[in-house]
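The block underneath contains the structure these notes are about, expressed in structure tokens.
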Amino acid sequence: MLEAAAFFVTVAGYLAVMALRKRISWLSPLVGTVFLVGPVWWLISGDWQAYQRGGDWIAVWLGPATVALAVPLAKQAKAFIRYWRGALLGIAVGCALSPLSAWLVLTLANVDDSLVRSLLSKSVTTPISLELTKLVGGISALAAVLTALTGMIGSLIAGPLLKRLGITDDWAIGVAVGTAAHAIGTASLQRSSPIQAAAASVAMIISAICTSLYLIPLAFWL
């Protein structure tokens, strides 16, 4: 019973946020739903294990939804051919800087080693992040939360930040968001620009490969 309630509360919350977004254009559907559904579920039940089981009914569609992100790429495939070298270089550098910066900052801050290892794969899509976290000796549950937070924060600040930096090219924006904010960031571009969404889809896929190539050897060293 609670599982079904969790499912309907989540769906209803998302629909409510999408309706509100028509008036508040900057509102992120994902972030808005989290902040709406969390307190509502706490008032209804507070049984988070039941909520997780109900959420699994939705999570089963995560795979097909992620694959569907390739649709914009298919529509922009010819245009991407012109930019693939620069895109590949940017993604490779971004994927190297993400774990390196996390490791450097947290190590200097004397943060617990398990947290450092759980953050190394925060910028790739969740299923891959969890597997990489296991390889490097991090905490999978913590990595899942940090990966989701990375995607949400990236989807919120990427646009304004890149605009302030004077970056307006659709392909550059898409590559940056897809590399740093994985599927959540990519999905946030669907409504704004098909070109940005296509570039982000490419970046998300390649960044998963690059990050794996970087971290798998690191697992043996650690």
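The values are calculated or read from the model by the stated rules, or taken from the named source; none is laboratory data. Quick caveat: nothing in here was measured; it's all calculated off a predicted structure. Glycine gets a Cβ as well: all are built from the backbone with ideal geometry, and neighbour counts include every protein chain shown. Only protein heavy atoms, including side chains, enter the accessible area calculation; ligands, DNA and RNA are left aside. Shrake-Rupley method; radii C 1.70, N 1.55, O 1.52, S 1.80 Å.
A search for C-beta distances below 7 Å between a residue of region 137-166 that is closer than 16 Å to LEU189 by Cα and any residue that is basic (Lys, Arg) and open to solvent by 30 Å² or more (accessible area, probe 1.4 Å), counting only pairs 6+ apart in sequence or on different chains, returns THR150/LYS122.
Inspect all residues belonging to region 156-165 and state whether any of them is more than 18 Å from SER114 (Cα to Cα), hydrophobic (A, V, I, L, M, F, W, C) and not in a helix (DSSP H, G or I). Yes, region 156-165 has at least one match. Among the residues of region 81-118, those that are surrounded by 16 or more Cβ atoms within 10 Å (Cβ to Cβ) and under 25 Å from ALA172 (Cα atoms) comprise TYR83, ALA87, GLY90, ILE91, ALA92, GLY94, CYS95, SER98, PRO99, ALA102.
Across region 126-134, a minimum of one residue is classified as modelled with pLDDT under 85, open to solvent by 80 Å² or more (accessible area, probe 1.4 Å) and farther than 19 Å from LEU27 by Cα. Among residues of region 13-39 that are under 17 Å from GLY154 (Cα atoms), those with a Cβ under 9 angstrom from a residue that is exposed (fewer than 13 other Cβ atoms within 10 Å of the Cβ) and aliphatic (A, V, I, L, M), sequence gap 6+ or separate chain, pair up as GLY32/ILE24. Anything in region 17-26 that is open to solvent by less than 50 Å² (accessible area, probe 1.4 Å) and either in contact with a Ser or Thr (Cβ under 7 Å, 6 or more places away or on another chain) or modelled with pLDDT of 85 or more (or both)? List them, or say none. Selection gives VAL17 alone. Residues of region 137-155 being farther than 15 Å from PRO99 by Cα and surrounded by fewer than 19 Cβ atoms within 10 Å (Cβ to Cβ), which ones? Those that are farther than 15 Å from PRO99 by Cα and surrounded by fewer than 19 Cβ atoms within 10 Å (Cβ to Cβ): ILE139, SER140, ALA141, LEU142, ALA144, VAL145, ALA148, LEU149, MET152, ILE153. Given the condition outside any helix (DSSP H, G or I) and either closer than 28 Å to GLN52 by Cβ or open to solvent by less than 30 Å² (accessible area, probe 1.4 Å) (or both), answer yes or no: does some residue in region 207-217 qualify? Scanning region 207-217, I find no residue that is outside any helix (DSSP H, G or I) and either closer than 28 Å to GLN52 by Cβ or open to solvent by less than 30 Å² (accessible area, probe 1.4 Å) (or both), so the answer is no. A count restricted to region 107-141 and to residues that are outside any helix (DSSP H, G or I) and touching a Phe, Trp or Tyr at 6+ places or on another chain (Cβ under 9 Å) stands at 1.
Quick check on this structure: which one of LEU73, LEU100 is at pLDDT 85 or above, within 21 Å of ILE206 (Cβ to Cβ), of a type in the set (A, V, I, L, M, F, W, C) and not in a loop (DSSP other than H, G, I, E, B)? The unique qualifying residue is LEU100. Within region 27-44, is there a residue that is open to solvent by 60 Å² or more (accessible area, probe 1.4 Å), in a helix (DSSP H, G or I) and among the β-branched types (Val, Ile, Thr)? Yes.
For residues in region 179-196 being among the β-branched types (Val, Ile, Thr) and either surrounded by fewer than 24 Cβ atoms within 10 Å (Cβ to Cβ) or at pLDDT below 85 (or both), which is farthest from GLY86 (Cα to Cα)? So, considering only residues that are among the β-branched types (Val, Ile, Thr) and either surrounded by fewer than 24 Cβ atoms within 10 Å (Cβ to Cβ) or at pLDDT below 85 (or both), the one farthest from GLY86 (Cα to Cα) is ILE184.
When ALA199, ALA176 are screened for being crowded, with 24+ Cβ neighbours inside 10 Å, in contact (Cβ under 8 Å) with a residue 12 or more places away in the chain, among the aliphatic types (A, V, I, L, M) and touching a Phe, Trp or Tyr at 6+ places or on another chain (Cβ under 6 Å), only ALA199 passes.
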